[in-house]
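Working notes, beginning with the structure itself.
Please treat every number below as a calculation from the coordinates, not as lab data. As the structure is a computational prediction, the values presented were derived from the model and not from experiment. Neighbour counts run over all protein chains shown; Cβ positions are idealised from the backbone, glycine included.
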Amino acid sequence: MTGLSRIIILALVGLAFSLALAARLEPGGLELQITSVKGCKPLLVLPLKPGERFTIHYYHSVENAPIWEEHSLDEKGRIYIEEERYLKFGAGMGRMPGVGRMVKRGPYEVIENMHMPTGDFILRVGSPGVDHTIIWRGVRKNLSAMVPHEAVKFSAKPVSMIYKLWRYIIPHPATPVLRSE
């Protein structure tokens, strides 16, 4: 092997190492995991971009009225509630002083612009009929059909670019399949 061949091989190895390191360290987005507190296997794994929203939709257990809670993640994986929308005030519903802005949108009362940190949180999933449903990129997953009466944890974390590429090639088994438009 000549001196020039060695230099070329070392340069290619160095370039490959640098690209792999950059892909490992470069931010690749976020991952939200919804996991039963009884087990460690995720029920849902949702790749998200900072600021992208996901919704928890359900029917109020007393009023049987539909409620939508929109959440987002920041670039560090912290969870925020951004908006609540409902037909009428029910037990535990309503405006929180100093949080968001109350508006009317069609028949719905809406608290918008909340951007209130929740951090990781636990949700007690209701029975079928309450229909706690996650809406993500147009896909709906009914937690009440999956794990009624169980507590689930919502937690998020940043992921590396290499992890994001890996999950693009081989999606997590708990990531819903997106419908093609």
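Assorted remarks:
- Cβ-placed point charges (K, R +1; D, E -1), dipole of the range 29-169 about Cα centre in debye, nearest 20: 300
- The range 29-169 shape via C-alpha gyration tensor axes, a/c threshold 1.5: oblate
- Of Gly129, Val159, Ser72, farthest towards positive along the dipole that unit charges on Lys, Arg, Asp, Glu beta carbons give the range 29-169: Val159
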